[in-house]
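Data block below; observations after.
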Amino acid sequence: MRHEMSNTVKVGIVGLGRIGKNHARNLARRVRGGELIAGASPVAAEREWARTELGITKLYETMGDLLADKEVDAVWLATPTSFHADQIVAALEAGKHVFCEKPLALTLEECKRVLNAAEKQPNVTVMVGFMRRYDPAYVEAKRRLDNGDLGKLFRLHCASLDAIDTNGFFVQFAPTSGGLFLDCSIHDIDVALWMTNGAKPVSVSATGIRAMYPDLAACHDVDTATATVLFENDILATFHASRTSHHGDETSLQLVGTQSSVSLGVGGTPTSEVNVQKGNANHCAMVVDFFARFEQAFVVEAQAFIDAVRNGDTMRDRLLEARDATRIGVAMREALEQKKIVTFE
Ligand SMILES: NC(=O)c1ccc[n+]([C@@H]2O[C@H](COP(=O)([O-])OP(=O)(O)OC[C@H]3O[C@@H](n4cnc5c(N)ncnc54)[C@H](O)[C@@H]3O)[C@@H](O)[C@H]2O)c1
């Protein structure tokens with residue numbers, strides 16, 4: 001049931017690292033009906049950044065202090081993945097609306113704890129940050145599919161390729177990320193669930209290698225991997241993820257149906273429609289990272305959360321889909337680590 005529009009949603013952000021700063025700028029400057037009033041980070045320099053860059057005055061060292069702030073209506077989590085479940089539960093227990101970066105959690109037990117806590121707060125909005133759902137190209141692909149243009153969908157191919165990292169961030173980030181599938185492919189798994197209206201997975205197989213970052217062995221992660229998922233109704237989906245892209249960010253999707261197919265983002269995204277030819281070469285600058293590729297989608301995502309809170313939309317169906325995405329991501333990891341085909345009941 002929809003509620004009357006409430007007043008401005010007062011948001012407190014937790015985590016002001018790589019993506020937290022991006023979200024904080026959007027929340028402070030680019031959404032209507034919401035206001036970024038507080039931030040929490042254990043890192044003094046990050047709190048100082050929020051004070052000087054965004055003029056935020058309520059800055060806390062811990063999330064607990066931010067949750068105790070009665071003025072905060074909604075908590076925006078941009079913290080390491082291994083903290084997500086506990087922090088969502090704590091925010092729900094404090095009666096706050098919650099946005100949390102992807103993935104929802106790293107295990108099904110953690111997902112269950114979040115769902116139980118959400119059940120106890122039936123009027124509270126919980127949203128997980130799958131911003132591809134707010135990207136115009138993905139929205140158009142979904143529109144064509146729903147319109148029947150493709151006929152019966154039988155094939156999906158998704159790729160999430162990160163540009164080669166020369167400063168060691170991926171290796172540092174890996175131990176708390178859940179591994180390549182739960183960190184990167186989780187977006188594409190969500191896309192697959194969205195495109196297929198929640199098709200049930202039947203089986204998963206996966207293979208991966210460490211092609212460029214041998215240090216990932218310490219946390220059993222890989223930098224290049226592919227998983228194959230057979231969904232019900234004979235929908236075959238493949239998911240390719242890597243940290244080894246030579247052409248910058250590639251976030252792509254190919255859908256094949258009995259009548260037509262659509263694709264987006266294959267080969268990466270040019271930054272300009274102009275190609276430059278020089279020295280027997282054709283130069284086409286490409287988008288380097290997901291911040292640039294999804295700049296607009298992150299803003300629309302933030303607006304969607306604020307609107308959901310104001311409209312009393314708890315987004316429970318999406319929370320269940322986020323749980324289902326984790327289930328498939330966990331199965332991919334298991335298939336990769338144990339070199340076996342994982343089947344679902
Ligand atoms: N939507 C996307 O495409 C996308 C892209 C990048 C990252 N992410 C997700 O965002 C999350 C954060 O990733 P990141 O790259 O910004 O990592 P990061 O390491 O750059 O930032 C993590 C932040 O959390 C803070 N932090 C650490 N422990 C904390 C605690 N106990 N309480 C409060 N704050 C704490 C750190 O100070 C830092 O500000 C991850 O879950 C990641 O999966 C999503």
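The values are calculated or read from the model by the stated rules, or taken from the named source; none is laboratory data. Keep in mind the model is a prediction, meaning the values are calculated, not measured. Please note: Cβ atoms are built from the backbone with ideal geometry, for glycine as well, and neighbour counts cover all protein chains shown.
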| query | Within the set of pairs 6+ apart or on separate chains, which have a first residue in segment 17-29 that is in the same structural domain as Ile56 (by TED's automatic domain parsing), a second that is of a type outside the set (A, V, I, L, M, F, W, C), and C-beta atoms under 6 Å apart? | reply | none
| request: Report yes if Asp313 is assigned to a loop (DSSP other than H, G, I, E, B), acidic (Asp, Glu) and surrounded by 13 or more Cβ atoms within 10 Å (Cβ to Cβ), otherwise no. | output: yes
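Residue-wise test of (1) within 16 Å of the ligand (Cβ to nearest atom); (2) touching a Lys or Arg at 6+ places or on another chain (Cβ under 7 Å); (3) in a helix (DSSP H, G or I).
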site	(1), (2), (3)
Leu253	yes, no, no
Ser263	no, no, no
Gly267	no, no, no
Glu273	no, no, no
Val288	yes, no, no
Gln296	yes, no, yes
| task | Could you tell me whether segment 308-315 includes any residue that is more than 16 Å from the ligand (Cβ to nearest atom), modelled with pLDDT of 95 or more and within 20 Å of Glu232 (Cβ to Cβ)? | result | no
| message | I'd like to check something: does segment 57-79 contain any residue that is within 15 Å of Gly129 (Cα to Cα), in contact (Cβ under 8 Å) with a residue 40 or more places away in the chain and among the hydroxyl-bearing types (Ser, Thr, Tyr)? | response | yes
| remark: Of the residues in segment 183-205, those that are within 12 Å of the ligand (Cβ to nearest atom) and over 14 Å from Val229 (Cβ atoms) come to Asp183, Cys184, His187
| Residue check for Thr224: touching a His at 6+ places or on another chain (Cβ under 7 Å) and modelled with pLDDT of 95 or more | no
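To keep it simple, each residue is scored yes or no on (1) assigned by TED's automatic domain parsing to the domain that holds Val75; (2) of a type in the set (A, V, I, L, M, F, W, C); (3) over 22 Å from His84 (Cβ atoms).
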residue: Ala141; (1), (2), (3): no, yes, yes
residue: Asp149; (1), (2), (3): no, no, yes
residue: Val191; (1), (2), (3): no, yes, no
residue: Leu216; (1), (2), (3): no, yes, no
| Just to be sure, is Thr62 loosely packed, with under 15 Cβ neighbours inside 10 Å, within 12 Å of the ligand (Cβ to nearest atom) and either among the polar types (S, T, N, Q) or closer than 23 Å to Gly312 by Cα (or both)? | yes
